[in-house]
Structures are given as C-alpha cells and as structure tokens.
Amino acid sequence: MKKLLLIVFLLVFVYANSDYECKSGDLISCLDEISKAPSKIEFCLNTNDYNYKKACANNFTMITKNEDDNKVEKLKDKLCDDYPNVCFEYVMNYRNIARGTMKKNLEKACELDFIKACIFVANNFRDNLKYIKKACDAGDYESCVEYEYKKLKAGELKAAEEECLKTNNCQKALEKGSENEQVLTKLCDEKNANACLKYADLNADKYNGKYKIYNLKACEIDSDICMQKAKMVEQFLHFDFDGSLEDMKDYYKIACKNGLDQACEELNRVNSLNKDDYKFNGKVKTIRIEF
C-alpha cells in the first residue's frame, strides 16, 4: 500500500513539476505536457497559457499532423497573430487549400515580419512588389535584385498601358504582361484571343461569370481554343456531369458553327453521353488532347 501511494505521489509530483517548469518558461517541459494529453490539438485549442501557446506554435506541424482540417484551421487562426510561422507552416503543410487562402495566410505572415513568407509570396504570386521590397528590406539580396528589376518592368508596363489607353495601341501592353482590365478587354474586343484567355484566367477564382464568358470569346476567335477547352472540361464529367456537359456543348457549338467539322462530330458524340457512365468512382481519368 505504501508503495502504491509513493508511486501516485511521484506521478503527481512529476506532473506538477513539469507543468511548473513549463509555466516558468521551459518549452521542452511544455511540449512534454502537451504530448501527454489525449489529444494534442485539443490541448492547444483550449489553453491560453503563454508558454503552452508558444510551444504549440513552435511544434505546429507535429501537433496538427493527421488531424481534422477544421481543427487545424481553428488552431492556425488562434496562433497566427502572435506566431506568424504558424500561417506559413499551415500553407506549406496543407496544399489542398485554395490558392486565395494560401496567399491570404502568407501575406499575413509577411506583414507580421515572417520573411520566409514574404519571399514565398514574392516568388509565387501576382501583385507581389511590396512583398519583394519587404524581403529586400530584411536583407534578402536576391529579393533586392528582383525588386529593382520589377520596378523597371513596372515602369515600362505602366508606360505601355498609358499608351494603350491614349492611342488604342495595346499590343505592347499585352506583351509587357499587362493585367489591366481595360487593356485586356479592349484587346479581346479587337479579336485578340490571348487577351481574352488572360482576362478569363484572372477571373478564374472570382466566381463572377467572367471566366466562362471570356473563354467563350476566345473560342469564337479561334476554334482550336474551343476544342482544347472542351477536352479539358471533359475530365470533370465524373464530378459535375450536367455543368461540364453544358460547357462542352457550348464550346463545340461555336467551333461547329465556325465550320470545324471535327467539332460537329464531337457535338454529336457528347449529345449521346450517358450520365450513368460518369458516376464518380474515386478515380480520375486523364484525357490526352491532340490536334
């Protein structure tokens, strides 16, 4: 009996001692305590102690591994303002999140002076000049070189866009990489298919209808684009049969109307597709596109 009481006493003492050491600033002890919990992520979600939160942030990747996505996002939201590395690790570890969400979290980490995030945004996203500058100001040499180059190109682009809007000579602005709505829509209206496609891509994740509208405009200009777009859409029949089928028909109808016999044949084919043949079975079919 004495031995049992001694064991219980020692266990309580060790726990209390470890908890005390954590709250005294020993983050290794904090992690030991977190690891003992039935659920590490639940422990981190429920604690408001400064040292425990810091340990959760420092070990965010380990603590959230194989955990529920919603819980991971909640923990990220709880910790990111004080520990910007968490926003960065969240993006690096969970690549299935939307690109817009990725950028938002990386920008937040960058604004909080987590320079790795600034460099990542600078290298992988549009509208990135201020993040390149922030990385440069923090001493990243390559970002400084990139910033000077981007400033030069931005100046050239601005001049080309101004020329376009004044003189209607917009090709140079497109070649310089313009993403200006007025420039791209003006060129699209002048039957420049590349401008239509670029404007469509810029609206791809905005759910404003312009992605399809401007892809169809490009299709009307160049029937080969219709065929490419229809074949790309065909890969999604398993996920959204009715919507994908409608899009395919729209592309093939335009190309058929423009005199492309192959498009007319494809239109007849898709009109006879059976929805039951495209029930999603967990496998994705890849279609080779050849012209």
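Details
- Euclidean distance of C-alpha centroids, segment 90-138 and segment 64-79, integer Å: 19 Å
- In loop segments of segment 89-147 as defined by DSSP, the trypsin sites (Lys or Arg not before Pro) with at most 13 further C-beta atoms inside 10 Å of their C-beta are R95, R126.
- Rg/Rh ratio calculated on Cα atoms of segment 64-130 (Kirkwood radius): 0.96
- Legend: Rg and Dmax of segment 158-291, from Cα coordinates, 17.1, 55 Å.
- Estimated [θ] at 222 nm from DSSP helical runs (n ≥ 4, -39500 (n - 2.57)) normalised by residues in the chain, nearest 500: -22000 deg cm²/dmol
- Stokes-Einstein diffusion coefficient of segment 83-183, Kirkwood radius over Cα pairs, 20 °C, 1.002 mPa s, in µm²/s: 145 µm²/s
- Sites matching trypsin sites (Lys or Arg not before Pro) across segment 153-252 that sit in DSSP coil, with at most 13 neighbouring C-beta atoms within 10 Å: K191, K206
- Qualifying GluC sites (Glu not before Pro) for segment 179-234 [loop in DSSP, other Cβ within 10 Å: at most 16]: E179, E190
- Coordinate range of the alpha-carbon atoms in the chain per principal axis, descending: 95, 55, 27 Å.
- Here is the size of segment 50-94 from its Cα atoms: Rg then Dmax, 9.3, 26 Å.
- Using only the C-alpha atoms, the convex hull of segment 127-210 corresponds to 101 Å³ per residue.
- Angle in degrees between helix 261-271 and the longest Cα principal axis of the chain, rounded to the nearest 10: 50 degrees
- Among the listed pairs K40/K65; K104/K206; K231/K257; K71/K103; K166/K212; K206/K253, those whose Cα-Cα separation exceeds 22 Å are K166/K212; K206/K253.
All of the numbers you see were taken from the coordinates with simple rules; none came from a lab. Worth saying up front: this structure is predicted, and the values here are computed from it rather than measured. Note that we place each Cβ from the backbone using ideal geometry, even for glycine, and neighbour counts take in every protein chain shown.
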